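The values are calculated or read from the model by the stated rules, or taken from the named source; none is laboratory data. Being a predicted model, the structure only gives us computed values, none of them experimental. When we count neighbours, we look across all protein chains shown, and the Cβ atoms used for this are built from the backbone with ideal geometry, even at glycine. Surface accessibility is based on the protein's heavy atoms, side chains included, excluding ligands, DNA and RNA. Shrake-Rupley method; radii C 1.70, N 1.55, O 1.52, S 1.80 Å.
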Amino acid sequence: MQPAQIVSLTLRDQHPRAVDMREEILSGLRTAQKTLPCKYFYDTRGSKLFDAICELPEYYLTRTELGIMETHAANMAAALGADVLLVEPGSGSSLKTRPLLDHLSRPVAYVPVDISRAHLLDAANRLNRLYPDLEVLPVCADFNQSFEIPTPRRRASRTIMYFPGSTIGNFEPKSAIQLLKRLRRLSGSEGGLLIGVDLRKDKTVLENAYNDSEGVTAAFNLNLLQRINRDLEGDFDLARFRHHASYNADEGRIEMHLVSLDNQTMHIGEECVRLRENEHILTEYSYKHTLTGFAVLASKAGLAVQQVWSDDRRWFSVLYLSAV
Ligand code: AVI
């Protein structure tokens with residue numbers, strides 16, 4: 001870990017090495033169904049595009065979850081208790097954390113964890129100004145890999161992992177269970193997990209959320225190729241791909257692809273990547289759960305649902321889980 005002093009914040013830098021990213025991307029492009037890991041969406045531009053997605057009229061997730069947080073933050077804070085250490089893996093702009101921070105009793109520290117260094121520092125600096133008495137300990141890391149939680153100045157009663165935004169939906173069930181297990185271990189036997197989960201609903205509502213009329217989601221998807229060009233010496237021509245997202249009702253998930261418009265050969269450094277006309281690169285799954293289905297998934301990770309908060313339409317949920 002290499003601390004770098006930025007104004008009054010110390011960034012713990014546990015960012016993955018570029019060589020890991022290259023290997024991961026190449027191995028995904030070598031399989032029969034080509035894939036690109038969705039975690040690489042979030043470079044500086046990708047994070048900004050994601051923030052823009054969250055503001056879109058069709059993308060109900062952020063607005064609905066924020067509404068749940070604002071309505072029920074006091075109850076959530078009561079359930080979590082006083083003097084907690086709040087850790088947020090994949091914190092992004094830490095938007096949904098504020099209602100919680102406003103209601104928590106004497107939080108010991110807030111640890112935002114994000115892979116995008118610039119975005120993380122922006123958010124951490126903003127929170128530092130808004131909550132001058134709160135210790136903010138940003139960690140730049142890929143939360144899919146192991147990362148260390150810094151020790152706060154004051155001793156915490158328990159560690160709460162806050163995992164909003166339905167990010168858990170971007171994991172296939174087996175990986176979701178593994179991730180929930182890791183979050184359970186990180187929070188310890190006395191800790192808990194506060195998690196945002198998107199729920200199943202009408203196919204049109206779901207598909208519109210991932211095919212917005214302004215094309216921001218398309219730009220977000222295509223930015224993955226731009227990032228490969230920049231960071232890994234790629235030569236993808238973005239104009240020869242189109243964004244595609246559809247809901248697979250059998251699997252209960254949105255499937256997002258980049259479709260090749262013609263037969264083409266690209267390079268990543270020395271490596272060749274060939275695509276046929278209409279061949280799809282799978283870039284993301286976004287699972288939509290039922291409350292019962294999610295409780296079963298959580299139980300496989302040794303977690304029990306303690307409380308559930310939702311909106312009037314039952315489109316989104318925030319669950320408080322603790323170790324069984
Ligand atoms: C971060 N994650 C929960 C988003 C989602 O809805 O699955 C990512 C996203 N992909 C396209 N739009 C938003």
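Note on segment 70-142: Cα Rg divided by 2.2 N^0.38 Å, N the number of residues, gives 1.05. In this simple spin-label approximation, residue 274 and residue 26 carry label points 7 Å from Cα along the Cα→Cβ vector, and these lie 1.8 nm apart.
Relative to the Cα centre, the charge distribution of the chain, modelled as +1 at Lys and Arg Cβ and -1 at Asp and Glu Cβ, gives a dipole magnitude of about 940 debye. Putting +1 on Lys and Arg Cβ atoms and -1 on Asp and Glu Cβ atoms, find which of 120, 103, 38 reaches farthest to the positive end of the dipole of segment 18-125. About the Cα centre, the residue reaching furthest to the positive side is 38. Backbone geometry of segment 116-130 corresponds, through the Karplus equation with coefficients 6.51, -1.76 and 1.60 at θ = phi - 60°, to 3J(HN,Hα) couplings of 8, 4, 5, 5, 4, 5, 4, 5, 5, 5, 4, 5, 4, 6, 6 Hz, x marking Gly and Pro. Once every Cα of the chain carries one equal point scatterer and solvent is ignored, give the base-10 log of I(q)/I(0) from the Debye formula at q = 0.14 Å⁻¹, two decimals. After summing over all Cα pairs, the log10 values are -1.14. Protein heavy-atom accessible surface, 1.4 Å probe, per residue over segment 35-85: 38 Å².
Here's how it looks for residue 289: its modeled amide H is under 5 Å from those of 198, 199, 200, which are all 5 or more places away or on a different chain.
For the residue pairs 39/288; 48/96; 96/181; 39/174; 48/203; 34/201, alpha carbon separations beyond 25 Å are given by 48/203; 34/201.
Highest mobility in the GNM of the chain, judged by mean-square fluctuation with C-alpha springs under 10 Å and restricted to 267, 244, 257, is found for 267.
For the chain, a Gaussian network of Cα nodes joined below 10 Å ranks 278, 128, 211 by mean-square fluctuation, and the top entry is 278. Here the Debye sum runs over all C-alpha atoms of segment 140-205 as equal scatterers in vacuum, and log10 of I(q)/I(0) at q = 0.13, 0.16, 0.29 Å⁻¹ comes out as -0.45, -0.64, -1.46. Working from label points 7 Å from Cα in the Cα-to-Cβ sense, the residue 267 to residue 204 distance is 4.9 nm. Comparing mean-square fluctuations of 93, 187, 213 from a GNM of the chain with C-alpha springs under 10 Å, the top value falls on 213.
As a calculated quantity, the FRET efficiency between residue 74 and residue 148 at R0 = 35 Å, using C-beta atoms, amounts to about 0.65. Once the other residues with Cβ under 10 Å from the Cβ of residue 85 are scored (Lys, Arg +1; Asp, Glu -1), what is the net sum? Net charge around residue 85: +1.
All other residues whose Cβ lies under 13 angstrom from that of residue 186 are scored, Lys and Arg at +1 and Asp and Glu at -1, for a net of +2.
What the phi angles of segment 160-166 give under the Karplus curve with 6.51, -1.76 and 1.60, with θ = phi - 60°, is a coupling list of 10, 8, 9, 10, x, x, 6 Hz, glycine and proline written as x. DSSP bridge analysis restricted to the chain gives an antiparallel fraction near 65%, rounded to the nearest 5. Each 5 Å bin from zero up to the one holding the largest Cα-Cα distance in segment 30-76 carries the following percent of pairs: 5, 17, 15, 16, 16, 14, 10, 4, 3, 1.
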